[in-house]
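Notes follow once the structure below has been shown.
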Amino acid sequence: MRNIAKKNYTLKETKEKRKPRIQYCGYAVNANVNQPINLCKNDKGGLFFNGVANCGGYWRCPVCALKISEHKKELLSGLISAHQSRNLSIGFLTLTVRHSKFDTLKKSLEKISDNYRKFQQSRFFAKTDHGIIGQVKTLEITYSDDNGWHPHLHILYFYDNANDKEIEKFQKEMLKRWVSFRDNNSRISGQNQKMLASDNSDYLAKYDITMEMTKGQIKSSKGLTPFTALAKIACNDYADEFEKRRLYGIYTCYVEQTQGKHFVNISNSLRKEYSQFMDEFNKTDDDIVNEVTIDEILLKVSLPIWKKICKNDLQPLVLNKYKENGLEGVYNLLTYFKDFKDLEIEVDTNEYPVLI
Ligand SMILES: [Zn+2]
């Protein structure tokens, strides 16, 4: 998927004749050029290469998006638990706006962001004593042939009380006002609101909500997301050349319109309330993708061999083969290719095997 994604240039990159960062993701070597690349195991048993650049493009790179969304999911889960441990309620809302299948993503995105911002400044919001301490908002974008681009917002409201009946009444009233706010013109059935019990009893609901907040466009079962479009191309899951181009077009358009957009927004008031999470709040997407836990170094790859692995796009296969059959699996895989006919395994002074 990343190999397909990196062929795409935004208009700006084309104009400035600049290579997109995703082209270096998983390929380019970090920092000290004389160090080999390490195949490592993390604390959860996952295998990865350490010492390689990550692009950190949430809207663009399927590999980095997975890491970033995983981090945000954990962060939200922690925030929810902290709030529930104070016996306070949380509301979960999904907001949409009306769009036609012919509306551009640009237009629908602007509409939903502008209208939500103005909605929060509206009389209803300002005047109601709704008890919201702060909020987390995520943006999700899906696409379908029947309805076109469908950007929508998932929002968590953190309340200063546990009057669930009152809160639910407020949230329902809010949805009613939202659908007719400015040019939203959306249907009440397209919106959604629910409560997370303050007593932390509903573990599944919490799980569902953090998934929906952060994983929607990666694992969506509803309609097509830009990443599922990429997956279809990568797996040759299309009827003809026309459909393939259309899938790529969806991805391209999505990348173009999401530049500079935040995937998760955490309000300042919530950051203040839960300052114990400040380190996590402050992490940029780059920080997140470059954060690694090395439990064990399994194998070292010298730079000339690494370059050949990249040239043949074998990075994911190397990981898979190591998982299946260790060093022998990797050796058998590589020596299958002409480029590696002189491949040797050496043991370094720290007794790590090195591919040279
Ligand atoms: Zn990346």
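In table form, for the structure just shown:
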| item | result |
| --- | --- |
| Helices (runs of 4 or more DSSP H) lying entirely in the range 234-335 (those with 2 or more residues that are under 25 Å from K215 (Cα atoms) and either touching a strand residue (DSSP E or B) at 6+ places or on another chain (Cβ under 8 Å) or acidic (D, E) (or both)) | 241-258, 268-273, 278-282, 285-290, 315-335 |
| Residue in the range 157-164 that is surrounded by fewer than 14 Cβ atoms within 10 Å (Cβ to Cβ) and part of a helix (DSSP H, G or I) present | no |
| Residue in the range 201-229 that is modelled with the highest pLDDT, counting only those that are small (G, A, S) and either touching a helix residue (DSSP H, G or I) at 6+ places or on another chain (Cβ under 7 Å) or surrounded by fewer than 20 Cβ atoms within 10 Å (Cβ to Cβ) (or both) | A229 |
| Some residue of the range 298-316 being of a type in the set (A, V, I, L, M, F, W, C), free of Cβ contacts under 8 Å to residues at least 60 places away in the same chain, surrounded by fewer than 11 Cβ atoms within 10 Å (Cβ to Cβ) and on the phi < 0 side of the Ramachandran plot | no |
| Pairs with Cβ under 6 Å, 6+ apart, first in the range 335-356 and under 13 Å from I297 (Cα atoms), second exposed (fewer than 11 other Cβ atoms within 10 Å of the Cβ) | P353/V347 |
| Positions within the range 97-108 being touching a Lys or Arg at 6+ places or on another chain (Cβ under 8 Å) and crowded, with 16+ Cβ neighbours inside 10 Å, in sequence order | V97, H99 |
| Helices (runs of 4 or more DSSP H) enclosed by the range 1-84 - at least 2 residues per element that are polar (S, T, N, Q), away from the ligand (no atom under 15 Å from the Cβ) and out of contact with any Gly (no Cβ under 8 Å at 6 or more places or on another chain) | 62-84 |
| From the options M195, M174, residue that is outside any helix (DSSP H, G or I) and hydrophobic (A, V, I, L, M, F, W, C) | M195 |
| Cβ pairs under 8 Å, 6+ apart, first in the range 55-76 and at positive phi, second more than 8 Å from the ligand (Cβ to nearest atom) | G56/I68; G56/T284; G56/D285; G56/D286; G56/I288; G56/N290 |
| Whichever residue in the range 141-156 is in contact with a helix residue (DSSP H, G or I) (Cβ under 8 Å, 6 or more places away or on another chain) and farther than 21 Å from F102 by Cβ and, among such residues, is surrounded by the most Cβ atoms within 10 Å (Cβ to Cβ) | L156 |
| Tabulated pairs, the range 124-136, first within 12 Å of I90 (Cα to Cα), second outside any helix (DSSP H, G or I) and among the hydroxyl-bearing types (S, T, Y), C-beta under 7 angstrom, 6+ apart or interchain | G131/Y159; I132/Y157; I132/Y159; I133/Y159; G134/S267; Q135/Y157; Q135/S267 |
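The values are calculated or read from the model by the stated rules, or taken from the named source; none is laboratory data. Note that the structure is predicted; figures quoted are calculated from it, not measured. Here the Cβ is made from the backbone with ideal geometry for all residues, glycine too, and neighbour counts use every protein chain on show.
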